[in-house]
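Novice: This is the structure, below, for whatever I ask next.
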Amino acid sequence: MRLRSPFFIIIALAFIALFFLNTWQGYRYQELEQDVGNLELEQKDWLEKNKKVIAALAVLSSPERVEALAVDKLGLKPLKAEDVIKVNIKGGRGD
């Protein structure tokens, strides 16, 4: 009986240690699951902000808006074909 006593104590201690290890792993899993959920919410928020920025960029860079700003704010007007002067330089790098 004396030889079995340390064996049973070791088994009991191992069982208790495994129980606490399992509890700690469960707690860690819940923490990581919550972190992943928070990161997914943050990712959705960034995606929504990105969509809004892209939409604003599309509106602000539309040709109609740019033309209206050029005419109204800067006083520019569209060029006519006869106002364009084309200059050709021979002997440059492109030739």
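The values are calculated or read from the model by the stated rules, or taken from the named source; none is laboratory data. Please read all numbers here as calculations on a predicted model, not as lab measurements. Methodologically, a virtual Cβ is constructed for each residue, glycine included, from the backbone with ideal geometry; neighbour enumeration extends over all protein chains shown.
Novice: Exactly one condition in (1) modelled with pLDDT under 90; (2) of a type outside the set (Asp, Glu); (3) under 35 Å from the mean Cα position of the chain (by Cα) is false for Leu47; which is it?
Specialist: (1) is the only condition that Leu47 fails.
Novice: What are the residues in segment 36-95 that are basic (Lys, Arg) and not in a helix (DSSP H, G or I), if any?
Specialist: If the condition is that a residue be basic (Lys, Arg) and not in a helix (DSSP H, G or I), then Lys73, Lys77, Lys80, Lys86, Lys90, Arg93 are the ones that fit.
Novice: For segment 55-95, name all the residues that are surrounded by 10 or more Cβ atoms within 10 Å (Cβ to Cβ) and of a type in the set (Lys, Arg).
Specialist: Passing the criteria: only Arg65.
Novice: Could you tell me whether any residue of segment 7-20 is loosely packed, with under 10 Cβ neighbours inside 10 Å and outside any helix (DSSP H, G or I)?
Specialist: no
Novice: Mind checking which pairs have a first residue in segment 76-95 that is modelled with pLDDT of 85 or more and a second that is surrounded by 10 or more Cβ atoms within 10 Å (Cβ to Cβ) and of a type in the set (A, V, I, L, M), Cβ under 7 Å, 6 or more apart or different chains?
Specialist: Leu76/Ala70; Lys77/Val71
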